[in-house]
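FYI, it's all coordinate maths here, none of it is from the lab. Treat the numbers as computed from the prediction; the structure is a model and nothing was measured. Positions of Cβ are generated from backbone atoms using ideal geometry, with glycine treated the same way; all protein chains shown enter the neighbour counts.
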Amino acid sequence: MRKITTLLGAAALAAGCGTSRSGDEDTKGWQTCVERGRAIAVEQRFCDEELARPATAGAKPRYGWYYFSRGYYWNGPAIGAEVPQGGTYSARPFASVPVARTGGQPK
């Protein structure tokens, strides 16, 4: 019986089951819509509206998506809260990354 349990455990780990993270870390991370100049989380509609506007050469958009690679999406900043340093900005939402408390799923 012990051999079967050991084999099943090894097979589960090889298949990606289990965890290698410690504490609250999550390798998937989260994303939120932010006001870039102030680095605060805002409602998703601001990013949607910014993306719909025609781009102006040399102008930096006021709003954008911010991806942070650590932490669960429900621990992401609430609207009006600062985002932690060390993330990545994008004009479009990142595929397959949960949205942190700023409403809805990215389009």
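Details
- Between ALA57 and ALA39, the modelled labels are 3.2 nm apart [label points 7 Å from Cα along Cα→Cβ].
- Mean Cβ neighbour count within 10 Å, used as a protection proxy, ranking 38-45, 77-84, 52-59, 63-70 highest first: 63-70, 38-45, 77-84, 52-59
- Label-to-label distance, PHE46 versus ALA81, with points set 7 angstrom from Cα along the beta-carbon direction: 1.6 nm.
- Here the extension length gained between ALA91 and LYS28 equals 20.7 nm, from 0.36 nm per residue of separation less the Cα-Cα distance.
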